[in-house]
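Written out below as structure tokens is the structure these notes cover.
Nothing in this text is a laboratory measurement; each read-out follows from the coordinates by a stated rule. The model shown is predicted, which means the values in this text are computed figures rather than measured ones. When we count neighbours, we look across all protein chains shown, and the Cβ atoms used for this are built from the backbone with ideal geometry, even at glycine.
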Amino acid sequence: MAIAFFDLDKTLLAVNSGSLWVRRELALGHITRMQALRASLWLARYHLGLVAMQDALVQAIAYLEGTGEQHMRERTVHFYEELVRAQFRPGALRALEEHRSAGDKLVLLTSSSGYLSELVARDLDLDAVLCNRFEVDASGLHTGRPLGEVCFGEGKRFYARAYADQASIPLSECVFYTDSYSDLPVMEVVGRPVAVHPDRRLRREALRRGWPVVDWGMPDDAGAAALGLPPQ
């Protein structure tokens, strides 16, 4: 048995769910134009290498202070059903089934929220979810603080190593699929790092190191049918 770790945005999914979430929250009036602009600027500065995305994630979590957990869960369900659920790459679904047939553990390793990640894990029948979770007080309100390590960059490696240790499986026997250069800390410690539709920096690094670069395609009706969804 081995562990197959999968990133979510632009890897299992053909889209970035975070960007979709910001646009939808703005359209529904849940955030202001200034908040949406600030989020977009953080993303732009990150892609230019001017700021650490971990800082942006901590800031985003802080904005949740005082909001209700149950309300957030309900909003995330609607968001997932409307904009995300039909966006799984067909190659991702095939890779999941190949690892499942081999008896490997299937683990989502993502910077997305636990609210969204749990819905993905349910649909894809995954064994575990390693993601960003938020602290909630006794009254059911977010405190604005992350629950545990922030799952990004070095934080992803922390969670991957902890899960592998708990399962008594060396990381050298694990595979990790991702599109992002920010996941280099995990790719460097697993036995089989695979770049899926990689960003420019990761593609360059993968070619330099001889890591596989794969194309999992774009969502289609066959992929939707595999999840029991109506044709798009």
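Details
- The chain - share of DSSP beta bridges that are antiparallel (%, nearest 5): 20
- Net length available on complete extension from residue 70 to residue 173 is 33.3 nm, with 0.36 nm assigned per residue and the Cα-Cα distance removed.
- All Cα pairs of the chain, percent lying beyond 25 Å: 40
- Only one residue of 37, 148, 13 has its Cα farthest out toward the positive end of the dipole of the chain, where Lys and Arg carry +1 and Asp and Glu -1 on Cβ, and that residue is 37.
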